[in-house]
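Undergrad: Below is a structure I'd like to ask you about.
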Amino acid sequence: MIFRPWFQFIDSDSFMKKSSFPIKIPLYYVRGGTSTGVVVLQKYLPEKRELKEEILRHIMGVPLLGTVKDNTQSHGLGRRVITSNKAFIIDIDDKSKKVISTFAQLEKDSNTVSWEVNCGNMTSSIPLVIRGLPEEKLLMPDGRLNIYNTNTRKNILCSMANVSPEYQLTSIPGVIGDFPEVHVLFESPACSKTSSIFPTGNLIDIFNDIPLTCIDVVVPMIIINAKDLGITGYESVKEIENNTLLQEKILAIRSGMGKKMGIIKHDGKLMNEDDLKKSITQPKIAIIAPPVNGGDISIRYLTPKNVHSSVAVSGGCCLTAASCFSGTIASDIHYSRNGSDDNATVRIEHLSGISEFSIILDGENIAYAGAQRNAQILMEGEFFIYNPSNELERVMRSMCYG
């Protein structure tokens, strides 16, 4: 499909009038792993972050201002769960032959847009987008794509079987059918938002008499044994989300221990307890238990306010890393290092099945963390924004016609 000129207005003579003539934003509607959302090229967007956020709110169908309880998102592409309210803005650096990616997480009931963390699942969709662009030969001559993520300031290597224009297909838990296979590998994944793999300086901390491990690999996360929260660890999404006492415990842990972790926001400032309570992205929570279906460890993964239907790539890599260090909450259930072997693979049981994650160690440092995913481009086209703000209209017009 060939896009028409950026932000083409159906009737430019009616531009200054509030009417039904929309702005059109080229985008890709994608699924990466168990997440869905959009990929938009930076060249189609204004530079100002507030205007980018306005565009993303329109696209996902979330409130432009304030909150709307039980928002159905019927006027956007979001699917009423946090894993389907995601967006990547990508740019191409011809000189370094890299994609520059910036991830945004939206919340269905509010106008909140978080730029704080990366998403491994959605990252797996980016190579499919690049393979449809003229820059494919420059960026992916051997089926590998280098990505620099601005949220974490980290490099990621995505690879696909070099059988272009065909795809190597694979299946993953939580997705019905076989789709293009993508391997996602995070380089030097520790310290994504803090200053250390174990940012409190301890392998185990105690908070309100609950032992836990705070770790930052790909994403900052707090790991807790389910029994120490008074649950089994095999509960359903509703059982966890409707457990008021459990939710109160987790909120206290997130805000109290998150502050001790020294988690930074996108602007580099430290998150305070109020920031942490409101955050829709960090720190993540892993409630773990012994495996029951042939895996190595079981998880209920909180993102952090909602329970994930499976497990995020970032969270799976983080839990796998924790299992590599004796003395953590994770290694009490599964210790993944054998002798001097610097490679570790952990099979994590979750609500949708079992997923495998890998870690490559360099002594006590983590060189790489990764997983196999599959991805789809669900649709390629233009999203119509019918009621942009005056500033967004003005800026779009200057980009298109200036």
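The values are calculated or read from the model by the stated rules, or taken from the named source; none is laboratory data. Computed from a predicted structure; not experimentally measured. Backbone-built Cβ (ideal geometry, glycine too); neighbour counts: all protein chains shown. The protein model used for the area step is the full one, side chains on, heavy atoms only, and it has no ligands, DNA or RNA in it. Shrake-Rupley method; radii C 1.70, N 1.55, O 1.52, S 1.80 Å.
Table: residues versus (1) closer than 18 Å to V217 by Cβ; (2) within 19 Å of the chain's Cα centre (by Cα).
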site: V117; (1), (2): yes, yes
site: S125; (1), (2): no, yes
site: P134; (1), (2): no, no
site: E166; (1), (2): no, no
site: V175; (1), (2): no, yes
site: L185; (1), (2): yes, yes
site: A190; (1), (2): yes, yes
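Residue by residue, here is whether (1) within 30 Å of D142 (Cβ to Cβ); (2) surrounded by fewer than 22 Cβ atoms within 10 Å (Cβ to Cβ) holds:
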| site | (1), (2) |
| --- | --- |
| L169 | yes, yes |
| T200 | no, yes |
| T213 | no, no |
| N225 | no, yes |
| K238 | no, yes |
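Undergrad: Do you know which residues across region 92-107 are surrounded by 23 or more Cβ atoms within 10 Å (Cβ to Cβ) and either over 15 Å from the mean Cα position of the chain (by Cα) or without any contact (Cβ under 8 Å) to a residue 40 or more places away in the chain (or both)?
TA: Listed by number, the list holds a single entry, V99.
Undergrad: Inspect all residues belonging to region 272-290 and state whether any of them is crowded, with 19+ Cβ neighbours inside 10 Å, in the same structural domain as M221 (by the TED database), farther than 25 Å from S192 by Cβ and in contact (Cβ under 8 Å) with a residue 40 or more places away in the chain.
TA: The answer is yes, given that some residue of region 272-290 is crowded, with 19+ Cβ neighbours inside 10 Å, in the same structural domain as M221 (by the TED database), farther than 25 Å from S192 by Cβ and in contact (Cβ under 8 Å) with a residue 40 or more places away in the chain.
Undergrad: So, in region 349-402, exactly how many residues are farther than 22 Å from I156 by Cα and of a type in the set (V, I, T)?
TA: Within region 349-402, residues that are farther than 22 Å from I156 by Cα and of a type in the set (V, I, T) number 3.
Undergrad: Which of (1) out of contact with any Phe, Trp or Tyr (no Cβ under 9 Å at 6 or more places or on another chain); (2) in the same structural domain as S124 (by the TED database); (3) open to solvent by less than 50 Å² (accessible area, probe 1.4 Å) is the odd one out, the single condition I354 does not satisfy?
TA: With (1) out of contact with any Phe, Trp or Tyr (no Cβ under 9 Å at 6 or more places or on another chain); (2) in the same structural domain as S124 (by the TED database); (3) open to solvent by less than 50 Å² (accessible area, probe 1.4 Å) applied to I354, the lone miss is (2).
Undergrad: Which ones in region 121-143 are charged (D, E, K, R) and either touching a Ser or Thr at 6+ places or on another chain (Cβ under 9 Å) or crowded, with 16+ Cβ neighbours inside 10 Å (or both)? First the steps, then the outcome.
TA: Initial filter on region 121-143 (charged (D, E, K, R)): 131, 135-137, 142.
Across region 121-143, the qualifying residues are R131, E136, D142.
Residue-by-condition table, conditions (1) more than 30 Å from C191 (Cβ to Cβ); (2) part of a loop (DSSP other than H, G, I, E, B):
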position: G233; (1), (2): no, yes
position: K238; (1), (2): yes, no
position: L245; (1), (2): yes, no
position: K249; (1), (2): no, no
position: R254; (1), (2): no, no
position: G258; (1), (2): no, no
position: D275; (1), (2): no, no
position: Q282; (1), (2): no, yes
position: I285; (1), (2): no, no
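For every residue, the table says whether it meets (1) modelled with pLDDT under 95; (2) open to solvent by 60 Å² or more (accessible area, probe 1.4 Å); (3) not β-branched (V, I, T).
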{"residue": "S314", "(1), (2), (3)": "no, no, yes"}
{"residue": "L319", "(1), (2), (3)": "no, no, yes"}
{"residue": "A322", "(1), (2), (3)": "no, no, yes"}
{"residue": "T328", "(1), (2), (3)": "no, no, no"}
{"residue": "G339", "(1), (2), (3)": "yes, yes, yes"}
{"residue": "A371", "(1), (2), (3)": "no, no, yes"}
{"residue": "I377", "(1), (2), (3)": "no, yes, no"}
{"residue": "S398", "(1), (2), (3)": "yes, yes, yes"}
